[in-house]
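Trainee: One structure, as structure tokens, below. Some questions next.
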Amino acid sequence: MITSAAAALAASLAADALPAYVYDLADLTAHARAVRAALPPGVELYYAAKANPAAPVLAALAPHVTGYEVASGGELAHVREAVPRLPVAFGGPGKTDGELRLALRLRAERFHVESEHELRRLRALAEEAGRPADVLLRVNLPLADGADAAAAALDGAALAMGGRPSPFGMDPDAVDRCLPLLARGPLRLRGVHAHLASGLDAAAQLAVADRVARWARDLAARHGLPPEAVAEVGAGGGMAVDYARPGDRFDWETYGKGLADLARRHPGTVLRIEPGRALTAYCGWYVTDVLDVKTSGDEAFAVLRGGTHHLRTPATKGHDQPFTVLPGGPWPHPWPRPDTRGGPVTLVGQLCTPKDVLARRVPVDVLRAGDRVAFAMAGAYAWNISHHEFLMHPPPGFHYVGPGTGGGG
Ligand SMILES: *Cc1c(COP(=O)(O)O)cnc(C)c1O
């Protein structure tokens, strides 16, 4: 559950250098290469930067992705600077005028427009700036009509963002109203975009992609649009990551084969996907040490340095963050070393709130004060979604191993 390079680095850090995030960029690169190889060559792979926008992560992915999906002006400026030569697609439901101006100035390659009002504002700002903008309309597709496989898949999805009332994207009839605004002027319609759910397996993802592609084709037919206006079909991200089974990865092989079939059924269409979590979750570990072990009633608790203000993922998703115990050094004190053996233990952080739980009642062989714990699957939606300032503990260190990092740390 931890790569040897990450484990070696984790073990080498001084206790006062903990907690620390450790990223294995060789592992990330190998994973991204395998994902890319599983996809048909014509499918465009964008990385959703919000999963982990750290510059070394963006750079490590660069040889294996087509571009980056960004969801704020901040992400847009940051990604442009970190990986300047690769295209960006700018999405997000609440773009300000300032952000749209920035995106026009930085020549964002694609704008994912989420409402009619946003389209009108973008058009006005593009006219003002004298810049063209290439647009994909983000649609919130009802999945029930005629797409039972997709609807059933979405019912089981962890984080559905579409297919039901949602602030993301626009309803199909709003897309119809947007088309005249794109007929001429600085905006160019390139296609449609959807990101309907997170946590979908390959079959569900294929059902969604099929639904979006068929809907785009029908839209073009209904309105007599030229082929280039709906040539691009963005099927979103949300490829499943199973924190309970870290060894089970999203089935990119099956998904790639299915996308190849889909591409054959839609000649001339450019399919685009934008995974975040499923690309970067596996390459990061949150490493810390056990400050104390105690029992309360009949339950064992290990209190760790750090906590959910650094790694909020288990608290937001309600799971046990998977971990590996790295045995600590000799016990420096004359009194007995606190420990727990053979039973379930709850791993908590330093915060004065019962919500600061990283893993609950997980069986361990032995866990002792001074041991280190490396929480796996901490490469996405981990540090960057956490409430860092709560309780004013120091921030973790950040360490990268692998190509381009000069070795360890
Ligand atoms: C968050 C998001 C993604 C990435 O989702 P993952 O679950 O990390 O794969 C892709 N597209 C859009 C529009 C998003 O909001």
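Trainee: Could you identify the single residue in Gly247, Gly256, Gly268 that is of a type outside the set (Phe, Trp, Tyr), outside the structural domain of Gly329 (by TED's automatic domain parsing) and open to solvent by less than 40 Å² (accessible area, probe 1.4 Å)? Full working, then the answer.
Mentor: Numbers: Gly247 fails: open to solvent by less than 40 Å² (accessible area, probe 1.4 Å); Gly268 fails: open to solvent by less than 40 Å² (accessible area, probe 1.4 Å).
Gly256 is the lone residue from the list that is of a type outside the set (Phe, Trp, Tyr), outside the structural domain of Gly329 (by TED's automatic domain parsing) and open to solvent by less than 40 Å² (accessible area, probe 1.4 Å).
Trainee: Which residues, taken from the stretch 370-409, are of a type in the set (S, T, N, Q) and surrounded by fewer than 16 Cβ atoms within 10 Å (Cβ to Cβ)?
Mentor: Going through the stretch 370-409, the residues of a type in the set (S, T, N, Q) turn out to be 384, 386, 405.
Once the filter is applied, which keeps residues that are of a type in the set (S, T, N, Q) and surrounded by fewer than 16 Cβ atoms within 10 Å (Cβ to Cβ), the stretch 370-409 yields only Asn384.
Trainee: I would also like to ask the following. Identify the single condition in (1) in contact with a strand residue (DSSP E or B) (Cβ under 8 Å, 6 or more places away or on another chain); (2) within 16 Å of the ligand (Cβ to nearest atom) that Thr288 does not satisfy, given that it satisfies every other one.
Mentor: Among (1) in contact with a strand residue (DSSP E or B) (Cβ under 8 Å, 6 or more places away or on another chain); (2) within 16 Å of the ligand (Cβ to nearest atom), the lone unmet condition for Thr288 is (2).
Trainee: For His64, are the conditions met, namely being crowded, with 18+ Cβ neighbours inside 10 Å and without any contact (Cβ under 8 Å) to a residue 40 or more places away in the chain?
Mentor: Details: crowded, with 18+ Cβ neighbours inside 10 Å: yes; without any contact (Cβ under 8 Å) to a residue 40 or more places away in the chain: yes.
In short, yes.
Trainee: Can you tell me which residues in the stretch 173-213 are modelled with pLDDT of 95 or more, basic (Lys, Arg) and surrounded by fewer than 17 Cβ atoms within 10 Å (Cβ to Cβ)?
Mentor: Of everything in the stretch 173-213, those that are modelled with pLDDT of 95 or more, basic (Lys, Arg) and surrounded by fewer than 17 Cβ atoms within 10 Å (Cβ to Cβ) turn out to be Arg177, Arg188.
Trainee: Here is a check on your reading of the model: is Thr3 of a type in the set (Ser, Thr, Tyr) and within 16 Å of the ligand (Cβ to nearest atom)?
Mentor: no
Trainee: Go over the candidates Tyr68, Tyr46 one by one and state the one that is among the aromatic types (Phe, Trp, Tyr), touching a Pro at 6+ places or on another chain (Cβ under 9 Å) and in the same structural domain as Gly238 (by TED's automatic domain parsing). Walk me through how you get there before you give the answer.
Mentor: Numbers: Tyr46 fails: in the same structural domain as Gly238 (by TED's automatic domain parsing).
None of the others qualify; the one that does is Tyr68.
Trainee: Another question, then. Does the stretch 8-24 hold any residues that are in a helix (DSSP H, G or I) and buried (at least 22 other Cβ atoms within 10 Å of the Cβ), and which are they? Before you say what the answer is, go through the steps one by one.
Mentor: Looking only at the stretch 8-24, we keep the residues that are in a helix (DSSP H, G or I), and these are 8-12, 15-17.
Scanning the stretch 8-24 gives Leu9, Ala10.
Trainee: Could I ask something else about it? If Gly234 meets every condition in (1) surrounded by 24 or more Cβ atoms within 10 Å (Cβ to Cβ); (2) in contact with a Phe, Trp or Tyr (Cβ under 6 Å, 6 or more places away or on another chain) apart from one, which number is that one?
Mentor: All conditions pass for Gly234, except number (2).
The values are calculated or read from the model by the stated rules, or taken from the named source; none is laboratory data. This structure is a prediction, so every number in the text was calculated from the model and none was measured. As a convention, Cβ positions derive from the backbone with ideal geometry for all residues, glycine included, and neighbour counts pool all protein chains shown. Areas reflect the complete protein model, heavy atoms only, side chains present, ligands, DNA and RNA absent. Shrake-Rupley method; radii C 1.70, N 1.55, O 1.52, S 1.80 Å.
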